[in-house]
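Each remark here refers to the structure printed beneath this line.
The values are calculated or read from the model by the stated rules, or taken from the named source; none is laboratory data. Computed from a prediction, not measured in an experiment: that's the story for all the values here. Reconstructed Cβ throughout: ideal geometry from the backbone, glycine too, with neighbour counts over all protein chains shown.
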Amino acid sequence: MIDVSSTQFEAEVLERSKRGPVVVDFWAPWCGPCRTLGPVLERLEAEGRKADGTGATWTLVKINTDENQALSQRFQIQGIPAVKAFVDGKVVADFVGAQPEAKVREWLNGFLPDPAALAAAAARKAAAAGDVAAAAGLYASALAHDPQNAEGLLHLAATASSAGNVEQALRHLGALRPRDRARLAAEVARIELTAGAPSLLVARQNAVVGVNAVGQSGTQIRWDLARALLREVPGDYDPAEALEILLGIVKSDRGFAAPGFGADAARKAMLAVFDTLLGTPGGRVVADEFRRRLSMELYK
């Protein structure tokens, strides 16, 4: 919360509102309703602070109308408390008179950024910077604001998948809203494909000895290695190796069946991988090459 005078208004309200919403409370010490509304606004500003992982989601500015009559005239303040929201230097919403907290919350929601989206965006930045712990905390914050936040659910699903908890991973994916599931279809497909896969180290060791811990061999070993390769963080693996393995399965064991894919699992998995590659640097080139090779195999 900032007390602002006429000389500070340009910098503290108009310019600041270009970096984030600013809510201006025009008030006066003698105004009873102002003393009722003020603490509500201050509490809500504090509640929103750090929702995006970096700072307050909006700034509260208090302007004493007795001491700043020029501003009162400029904004045609005829009754107080008068509250105006500024975004990009312009008034985008306002109300006059003390309002219950629920009404003020509803009013704020009309123009404030979604706190869940802000937290998810900050989580992505933290993850890109390699700060896994911070990213996990921010995704948790996003889910606290919105239990169906898509990025948060994907993070939980990927984490569960990496830990070998297939049921939990699929449960998180099942909580996605239909529109989010469609929007993030490629990432959903990658997690569904790799859920329950062994670690890459174990998968490579199994491939060397030709059998896994439960006695499976042959196509299953290659299938697990391809899935382990695809479970690595995008950008840290070569998807061509996984696709080469899957194409080999299509050639040698077309009827191979796997949970979640049924028969012809390798071909279906390749199609899912193609979708995941379209959003990665250079991914389209790899996808197009293996799509061509798959088509040649299927229609030769």
Quiz item: How do the pairs read when you match residues in segment 261-287 that are within 18 Å of Arg183 (Cα to Cα) with residues anywhere that are assigned to a helix (DSSP H, G or I) and acidic (Asp, Glu), using Cβ under 7 Å and keeping only pairs 6 or more apart or on different chains?
Solution: Thr276/Glu187
Exercise. Within segment 89-108, identify whether any single residue is in contact with a helix residue (DSSP H, G or I) (Cβ under 8 Å, 6 or more places away or on another chain), farther than 18 Å from Thr57 by Cα and either aromatic (Phe, Trp, Tyr) or surrounded by 20 or more Cβ atoms within 10 Å (Cβ to Cβ) (or both), and answer yes or no.
Key: yes
Self-check item: Condition check for Val83: surrounded by fewer than 16 Cβ atoms within 10 Å (Cβ to Cβ), out of contact with any Lys or Arg (no Cβ under 6 Å at 6 or more places or on another chain) and under 17 Å from Val13 (Cα atoms)
Solution: no
Self-check item: Matching option when the condition is outside any helix (DSSP H, G or I) and within 18 Å of the chain's Cα centre (by Cα), among Gly196, Gly130
Solution: Gly130
Practice problem: Please verify whether segment 210-233 includes one or more residues that are exposed (fewer than 12 other Cβ atoms within 10 Å of the Cβ), modelled with pLDDT of 85 or more and either among the charged types (D, E, K, R) or assigned by TED's automatic domain parsing to the domain that holds Ser161 (or both). | Solution: no
Quiz item: Looking only at residues in segment 165-194 that are over 20 Å from Asn149 (Cβ atoms) and in contact with a helix residue (DSSP H, G or I) (Cβ under 7 Å, 6 or more places away or on another chain), which one is surrounded by the fewest Cβ atoms within 10 Å (Cβ to Cβ)?
Solution: Thr194
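Taking the conditions exactly as written (outside the structural domain of Ala142 (by TED's automatic domain parsing) and either under 23 Å from Gly152 (Cβ atoms) or touching a Gly at 6+ places or on another chain (Cβ under 7 Å) (or both)), does Pro29 satisfy them or not?
Working: outside the structural domain of Ala142 (by TED's automatic domain parsing): yes; either under 23 Å from Gly152 (Cβ atoms) or touching a Gly at 6+ places or on another chain (Cβ under 7 Å) (or both): no.
No; evaluated as a whole, the condition is false for this residue.
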